[in-house]
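The values are calculated or read from the model by the stated rules, or taken from the named source; none is laboratory data. Predicted model, so just to flag it, every value in this text is computed and none were measured. Cβ: placed from backbone, ideal geometry, glycine included. Neighbour counts: every protein chain shown. Heads up: the accessible areas ignore ligands, DNA and RNA and are worked out on the full protein's heavy atoms, side chains in. Shrake-Rupley method; radii C 1.70, N 1.55, O 1.52, S 1.80 Å.
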Amino acid sequence: MALEVITKATKPYDGQKPGTSGLRKAVKVFMQENYTENFVQSILNTLGDKLKNSVLVVGGDGRYYCKTAVDLIIKICAANEVSKLYVGQNGILSTPAVSAIIRKYQTTGGIILTASHNPGGPDHDFGIKFNTSNGGPAPDEVTNKIYECSKTISEYKIVPGLKCDIDTIGTYTSKVPSGTFTVEVIDSVEDYVTLMKEIFDFSALKSLIQGSDGTPGTKILINSLNGVTGPYVTRIFVKELGASSENVVNVVPLEDFGGRHPDPNLTYAADLVEAMKTGDYDLGAAFDGDGDRNMILGCKSFFVNPSDSLAVLADNLECIPYFKRTGVKGFARSMPTGASVDRVAAKKNMRIFEVPTGWKYFGNLMDAGQLSLCGEESFGTGSDHIREKDGIWAVLAWLSVMSAQKMTVEQLLMRHWTTYGRNFFTRYDYENCDAASCNKMMAELEALITAPGYVGRVLSNEVKQYTVRLGDNFSYVDPIDKSKAEKQGLRILFEDGSRIIFRLSGTGSSGATVRVYIESYESDPSTYSQDAQQVLKPLIQIALCESKLQQFTGRSAPTVIT
Ligand code: G1P
Ligand code: ZN
């Protein structure tokens, strides 16, 4: 007998508007009666004609509330005539793995349960993100529809009696009034590992790590910050590439990430930074909760700025078998990302796209065959092998370049700067500020920098002077579908190529986070080894002064400096 579908009455919740990357709120918000159900039903409603007999991928980063959400999604999908779900075992799938699985099995899309790099646990954040059939985050058009739907939702459908053991791999079928509903619980890592083996030369990487012909192995230290990448890291770096189990740490996914902030940067991955300082390892890496971000460090904690990471990879793509096969079609970065990759593109005569913040803006370009490699300053690097940024991919890419060029991380960077000059870059984050004052600060700053007479103005501190070339609020027209994204960040661009950018974060779950991005280009080799904070000091002072940031936020120092 078919399981019963129940239609439940519900009322809309305010604020179910997906941000830069999905809907992120405190767990307690998601736990309110029907809150999660409303949002999931809104996602499904947005599929329209594609909903009936659709196939979706479901999984998340293992944070608190993931399993409850997976259970609800299974029951709601069964009631809405979805025909099949691929669910990661234990509800675990990294964000890059979901993208890979959507593409491999050509599903209608996927639902990812993560608040990415935000802390997890009962008192922290949860998130739900919808990806479309190309494997990428839903574009604005789709997320806007989901939001509209959430504002008027009056009922959702559910099969309360459906039971499925997501901890055990296998295929589970249930009879529902619309026919058969299938849940295939899959190994969380298998499909992803297969894809990595198609992209990289695993035997070369194994020789690099284990050493060969008398050359000692390259020692790695990979820190999963107790996020979702743990099982992927153990399988790839230990089982496949022969690293020792001591080379991988924090590889058990925890519901609260061990109480830490699962964000791979110099502040929140301080244990990696400390361990790398010993000089015992040649490459260190950390990932965020859902595995799409990466931080790369060289020996003695030599920091690779993500904007430089993108540029070095762009310059060396021929070291990776995948790109030998596909060719390199173009590069892209998000607007605030440092422009070092632009210089590589110019030298290689390659197209370079500058898109708004958020991975969703890369997808159309990749689908149209115009983009192979892209990145964001926020520790995001990836390629058109999937439609998400990919932390583990980035480490394998770096190891491939080290192996082919026979150089250390630091040597690769020094060679890069010697060839192209150095784009010094830093980002200041002021987290959890008062939203109203931040909005006011942004409005006043926009008025200032777009006023007549601002262009041409000379801004200076005691040491340096910069002449304004442009002041605006960045807007973008997608070259493929012509969709427009406006108000994507305040830019002060200077005649010498230096830049100051201001944005408010779209991923926070409370208050406002101000991000200030500062960049300056230097071609004097004597500067290359200098500390970025020192080199950028004059511009930082100018940025704080122009925005009156201290006055508006009451903060005398940023929460995080990258
Ligand atoms: C942040 C980053 C952005 C990234 C996003 C999702 O968004 O700045 O580059 O795509 O997280 O990982 P924000 O909080 O700035 O809106
Ligand atoms: Zn993430």
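Worth pointing out:
- Asn349 being within 16 Å of ligand 2 (Cβ to nearest atom) and either crowded, with 24+ Cβ neighbours inside 10 Å or of a type outside the set (D, E, K, R) (or both): no
- The single condition among (1) under 21 Å from the mean Cα position of the chain (by Cα); (2) over 28 Å from Arg499 (Cα atoms) that Gly327 does not meet is (1).
Residue-by-condition table, conditions (1) among the basic types (Lys, Arg); (2) surrounded by fewer than 24 Cβ atoms within 10 Å (Cβ to Cβ); (3) in contact (Cβ under 8 Å) with a residue 60 or more places away in the chain; (4) within 16 Å of ligand 2 (Cβ to nearest atom):
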site	(1), (2), (3), (4)
Tyr281	no, yes, yes, no
Asp290	no, no, yes, yes
Asn294	no, no, yes, yes
Ala311	no, no, yes, no
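- Beta carbons closer than 8 Å, at least 6 apart along the sequence or on distinct chains, pair a first residue in the stretch 512-537 that is within 25 Å of Gln488 (Cα to Cα) with a second that is loosely packed, with under 15 Cβ neighbours inside 10 Å and among the acidic types (Asp, Glu) for Ala512/Asp434; Ser520/Asp496; Tyr521/Asp496.
- Those residues of the stretch 293-335 which are basic (Lys, Arg) and more than 24 Å from Glu522 (Cβ to Cβ), in sequence order: Arg293, Lys324, Arg325, Lys329
- Residue pairs whose Cβ atoms lie under 8 Å apart, separated by 6 or more positions or on different chains, with the first residue in the stretch 547-560 and over 15 Å from Ala512 (Cβ atoms) and the second open to solvent by 70 Å² or more (accessible area, probe 1.4 Å) and modelled with pLDDT of 95 or more, are Lys548/Glu444.
- Where Met295 falls short, out of the listed (1) more than 16 Å from ligand 1 (Cβ to nearest atom); (2) outside any loop (DSSP other than H, G, I, E, B): (1)
- If you go through the stretch 11-34 and pick out every residue that is part of a loop (DSSP other than H, G, I, E, B), open to solvent by less than 50 Å² (accessible area, probe 1.4 Å) and within 18 Å of Lys145 (Cβ to Cβ), you end up with 5.
- One residue from Ile500, Ile540 being open to solvent by less than 60 Å² (accessible area, probe 1.4 Å), modelled with pLDDT of 95 or more, in a strand (DSSP E or B) and touching a strand residue (DSSP E or B) at 6+ places or on another chain (Cβ under 7 Å): Ile500
- The set of residues in the stretch 507-537 being part of a helix (DSSP H, G or I) and either within 16 Å of ligand 1 (Cβ to nearest atom) or within 17 Å of Gly497 (Cα to Cα) (or both) consists of Thr527, Ala532, Val535, Leu536, Lys537.
- Leu72 under 13 Å from Asp167 (Cα atoms) and in contact (Cβ under 8 Å) with a residue 24 or more places away in the chain: no
- Residues in the stretch 348-370 that are in a loop (DSSP other than H, G, I, E, B) and more than 16 Å from ligand 1 (Cβ to nearest atom) were compared, and the one that is nearest to Arg503 (Cα to Cα) is Arg351.
- Residue list for the stretch 196-245, restricted to those being more than 19 Å from Gly279 (Cα to Cα), outside any loop (DSSP other than H, G, I, E, B) and polar (S, T, N, Q): Ser203, Ser207, Ser212, Thr234
- Checked against (1) in contact with a Leu (Cβ under 6 Å, 6 or more places away or on another chain); (2) closer than 28 Å to Leu205 by Cα, Leu365 passes all but a single condition, namely (2).
- So Asp201, is it under 27 Å from the mean Cα position of the chain (by Cα), under 25 Å from Val409 (Cβ atoms), open to solvent by 50 Å² or more (accessible area, probe 1.4 Å) and modelled with pLDDT of 95 or more: yes
- Among the residues of this structure, Gly227 counts as one that is touching a strand residue (DSSP E or B) at 6+ places or on another chain (Cβ under 9 Å), within 15 Å of ligand 1 (Cβ to nearest atom), among the small types (Gly, Ala, Ser) and closer than 27 Å to Thr114 by Cα.
- Strands (runs of 3 or more DSSP E) contained in the stretch 377-462 and holding at least 1 residues closer than 23 Å to Pro525 by Cα: 422-433
- Taking first residues from the stretch 138-161 that are among the aromatic types (Phe, Trp, Tyr) and partners that are open to solvent by less than 50 Å² (accessible area, probe 1.4 Å), the Cβ contacts under 7 Å between residues at least 6 apart in sequence or on separate chains come to Tyr147/Gln16; Tyr147/Pro18; Tyr156/Thr10; Tyr156/Glu37; Tyr156/Asn38; Tyr156/Gln41; Tyr156/Ile76.
- Count - residues of the stretch 476-497 that are outside any strand (DSSP E or B) and of a type in the set (Lys, Arg): 2
- Here Val193 meets the list (1) assigned to a helix (DSSP H, G or I); (2) without any contact (Cβ under 8 Å) to a residue 60 or more places away in the chain; (3) open to solvent by 10 Å² or more (accessible area, probe 1.4 Å) almost entirely, failing just condition (3).
- Test: residue in the stretch 265-274 that is open to solvent by 10 Å² or more (accessible area, probe 1.4 Å) and farther than 20 Å from Pro306 by Cβ: yes
- Residue within the stretch 34-57 that is within 16 Å of ligand 1 (Cβ to nearest atom) and of a type in the set (S, T, N, Q) present: no
- For the stretch 128-152, filtering for residues that are part of a loop (DSSP other than H, G, I, E, B), more than 15 Å from Gly48 (Cβ to Cβ) and open to solvent by less than 30 Å² (accessible area, probe 1.4 Å) leaves 2.
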